[in-house]
Amino acid sequence: MREKLSTEWKGVVLVLMGALLFSAKAVVVKLTYRYEISAIGSLFFRMLFAFPFLAWIAWRAEKEEGKTLLTKKDVIHVLLMGVVGYYLASLFDFLGLQYISAGLERIILFIYPTLVVILSFLFLKKKIHTREVFSLFLTYTGVFLAYGQDVQLGSAKEVSLGAFFILLSALTYAIYLMGSGSIIPKLGAKKYTAWALIISSFAVFIHFAIFGTYKELIQPFSFYALAFIMGTVNTVIPAIFVSEGIKRVGSKTAAIVGSVGPMSTLFLAYWLLDEPITILHSIGTLFVLTGVFWISTAKKAKEVSV
């Protein structure tokens, strides 16, 4: 009994640390924009520093679990999901952070479980139950409250554009989750996630090679330090923490613990970026957390955040 409690507490701590580190990513991205860098440039450095660790995780998963025989269709599926789920979702996220606060970004991005429900209803003909309808209403009311507050504090055009990009990020990630269900049992969650991230890394590298500039590669040491933190502390480490945490406590408990993410982003953005925390921000965040929590705890958490 004592050993089981110890394992569960370790799992809770791992998920909590993972959620906090993931959520801090938005703040670090905003800090990189204080340098002469574009969205794709910042994303390029994130994946550049993360790539060696991702390759090691994929290699270790292959060694531990053995090679998996995939059909040509399976390979195309993994490639497509890697591009949609992590390349496009991350690209839209980084583009959006050029225009909106880190707090609003995390609130909008956090709604992806509700998008899975909506997409499943539209394309898979799955029923939306009364609890889910109320959860959706509560979630999107919270988003509009936070969005309206940001519009009052900044440019309506920029906030709207940024919110649109972040919504696209959440949408592409939701599509990734829906498309992952059939391939994860074949490949395994750890191996699949590692390969999806590696594929997205190559997509980012190609994107930067075409549209990036050589000038963006030359940055002060402080920028490289931020980029290293973004690629490791805010990407690889929390992915491992959350994965190991879910093994110990299960997806429902992980969803509850992980809900601290948006609130931690608000406080971290207030501390490091001087972003204000208003009553509407707080109420909006509470609404979103409650709505997403009700939906997430009724479903299995399949993946980690972007």
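The values are calculated or read from the model by the stated rules, or taken from the named source; none is laboratory data. Keep in mind the model is a prediction, meaning the values are calculated, not measured. Don't worry about glycine lacking a Cβ; one is built from the backbone with ideal geometry, like all the others, and counts go over all protein chains shown. Quick note on the areas: whole protein, heavy atoms, side chains included, nothing else; ligands and nucleic acids left out. Shrake-Rupley method; radii C 1.70, N 1.55, O 1.52, S 1.80 Å.
Let me confirm something: among I128, I76, which residue is without any contact (Cβ under 8 Å) to a residue 60 or more places away in the chain and either touching a strand residue (DSSP E or B) at 6+ places or on another chain (Cβ under 9 Å) or more than 28 Å from K186 (Cα to Cα) (or both)?
I128
Among T253, T235, T265, T278, which is β-branched (V, I, T), surrounded by 15 or more Cβ atoms within 10 Å (Cβ to Cβ), touching a Lys or Arg at 6+ places or on another chain (Cβ under 6 Å) and in contact (Cβ under 8 Å) with a residue 40 or more places away in the chain? Can you show your working first?
Values: T253 fails: touching a Lys or Arg at 6+ places or on another chain (Cβ under 6 Å); T235 fails: touching a Lys or Arg at 6+ places or on another chain (Cβ under 6 Å); T278 fails: touching a Lys or Arg at 6+ places or on another chain (Cβ under 6 Å).
On inspection, the qualifying residue turns out to be T265.
What is the one condition in (1) modelled with pLDDT of 95 or more; (2) out of contact with any Asp or Glu (no Cβ under 6 Å at 6 or more places or on another chain); (3) of a type outside the set (G, A, S) that I37 does not satisfy?
Checking I37 against (1) modelled with pLDDT of 95 or more; (2) out of contact with any Asp or Glu (no Cβ under 6 Å at 6 or more places or on another chain); (3) of a type outside the set (G, A, S), the one that fails is (2).
Please work out if L136 is open to solvent by less than 50 Å² (accessible area, probe 1.4 Å), touching a Phe, Trp or Tyr at 6+ places or on another chain (Cβ under 7 Å) and over 14 Å from I175 (Cβ atoms).
Taking the combined requirement at face value, the residue does not satisfy it.
Can you tell me which residues in the range 185-228 are more than 30 Å from T68 (Cα to Cα), outside any loop (DSSP other than H, G, I, E, B) and not small (G, A, S)? Spell out the reasoning first.
Our first condition is that a residue be more than 30 Å from T68 (Cα to Cα); within the range 185-228, this holds for 208-228.
Now restrict to residues that are outside any loop (DSSP other than H, G, I, E, B): 208-211, 214-217, 221-228.
Residues satisfying the conditions are F208, I210, F211, Y214, K215, E216, L217, F221, F223, Y224, L226, F228.
Can you tell me how many residues within the range 160-176 are open to solvent by 20 Å² or more (accessible area, probe 1.4 Å) and not aromatic (F, W, Y)?
6
Go over the candidates E36, E8 one by one and state the one that is out of contact with any His (no Cβ under 6 Å at 6 or more places or on another chain), assigned to a loop (DSSP other than H, G, I, E, B), open to solvent by 20 Å² or more (accessible area, probe 1.4 Å) and among the acidic types (D, E).
Every option except E36 fails the conditions.
Can you give me the number of residues within the range 40-78 that are open to solvent by 40 Å² or more (accessible area, probe 1.4 Å) and either within 19 Å of L217 (Cα to Cα) or not hydrophobic (A, V, I, L, M, F, W, C) (or both)?
15
If G96 meets every condition in (1) more than 26 Å from G212 (Cβ to Cβ); (2) within 22 Å of the chain's Cα centre (by Cα) apart from one, which number is that one?
Here G96 clears every test but (1).
Any idea which of (1) modelled with pLDDT of 95 or more; (2) on the phi > 0 side of the Ramachandran plot is the one F49 doesn't satisfy?
Status for F49: all satisfied but (2).
Being of a type in the set (K, R) and either open to solvent by less than 20 Å² (accessible area, probe 1.4 Å) or under 25 Å from G85 (Cβ atoms) (or both) is the filter here; which residues of the range 186-229 pass it?
So the first thing to find is which residues in the range 186-229 are of a type in the set (K, R), and the list is 186, 190-191, 215.
Residues satisfying the conditions are K186, K190, K191.
Consider E132 carefully, then state whether it is modelled with pLDDT of 90 or more and either closer than 25 Å to L286 by Cα or in a helix (DSSP H, G or I) (or both).
No: the conditions fail for E132.
Can you name every residue in the range 82-111 that is more than 15 Å from L197 (Cα to Cα), surrounded by 24 or more Cβ atoms within 10 Å (Cβ to Cβ) and either in contact with a strand residue (DSSP E or B) (Cβ under 9 Å, 6 or more places away or on another chain) or not β-branched (V, I, T) (or both)?
D93, F94, G96, L97, S101, A102, G103, L104, E105, R106, L109, F110
How many of the residues making up the range 83-97 are at pLDDT 90 or above and farther than 11 Å from A163 by Cα?
The number of residues fulfilling the criteria is 8.
Which condition number does K157 fail, the rest of (1) modelled with pLDDT of 95 or more; (2) open to solvent by 40 Å² or more (accessible area, probe 1.4 Å); (3) over 16 Å from the mean Cα position of the chain (by Cα) being met?
All conditions are met except number (1).
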